[in-house]
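Every number in this text was worked out from the coordinates using simple rules, so none of it is lab data. These numbers were taken from a predicted model, which means no experiment stands behind them.
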Amino acid sequence: MKLYGLNLSNFATKSRIAVYEKGANVEIASPPGGMKSPEYLKINPLGKIPALDADGTIIAESEVINEYLEEKFPTPALLPKSPEARAKIRVLTRFHDLYLDPPLRGLFGQLNPKSRDEKIVNERLSELQTRLDQLESMLAEPGNFAAGPDFTLADCSLAPTIFFVTNVLPGFGAQAPLEHRPRLAAWWGKVQERPSVKKALAEMAEAMKAMLGGGR
Ligand SMILES: N[C@@H](CCC(=O)N[C@@H](CS)C(=O)NCC(=O)O)C(=O)O
């Protein structure tokens, strides 16, 4: 099996964490020729990462990949057993994909203070702060992982994006994301200690450093 992605991508990192958690025999590869190359577009016509080549079956979309990995490699489990508890995890992963990531992604084009559009920045920051408040109200009590005592697909989803949130927001002079959000702050401290997350976030940090010109 081969997982196409780039270390800086929060969506690709989400799937790498699931691979690392499972200890699955999955090769990690960059999209050949880049995300929009004819070669990669044949693999994933959307030109997005991640995509999983499951021995000939191509699976796109990070959450579909993670659910596939969960079915293919059930141990250790990243979803609980009861339908209700599974639904709770899926609400968090969907919240991540549909509501939390977009306002953050909308800030990526505004990183340069010299060329940023303050109106766009303010709108996206405001939406992102609302989403972080919503996340705070959805997370489990401090001391837990995102949805309870067990590490799940919800943690895989949220950790790479909160990595960006904590690294990017200070550059906009925004309200510190962990301030006044005790559940988010406690979860963030805990989840970074998980070996799979630690490894994947170190890869993200290295890629970010390289992108900002501090790397090789
Ligand atoms: N819904 C997709 C989102 C994937 C996504 O947007 N990945 C970004 C990198 S973090 C990407 O491929 N961007 C290139 C593009 O959208 O053209 C998923 O969950 O896999």
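Give the lysines whose C-alpha is closer than 21 Å to that of residue 42, dropping any in the same chain fewer than 8 places away, or say none.
2
What does the convex hull of the Cα atoms of region 88-216 come to per residue, in Å³, rounded to a whole number?
Values: hull volume 13.1 nm³, N = 129.
It comes to 101 Å³ per residue, whole-number rounded.
Taking the Cα atoms of region 2-72, what is the range of coordinates along each of the three principal axes, in descending order and whole Å?
31, 25, 18
Counting only Cα atoms, I'd like the Rg/Rh figure for the chain, Kirkwood definition for Rh.
Numbers: Rg = 17.1 Å, Rh = 17.9 Å.
Rg/Rh for the chain comes to 0.96.
Just subtract the alpha-carbon distance of residue 210 and residue 175 from 0.36 nm times their residue separation and send over the number in nm, one decimal. Write out the running numbers ahead of the final one.
Numbers: separation 35, 0.36 × 35 = 12.60 nm, distance 2.65 nm.
This chain segment gains 9.9 nm when fully extended.
Give me, ordered by chain and number, the residues 5 or more places off residue 145 or on other chains with an amide H under 5 Å from its own placed amide H.
Here 150 satisfy the definition.
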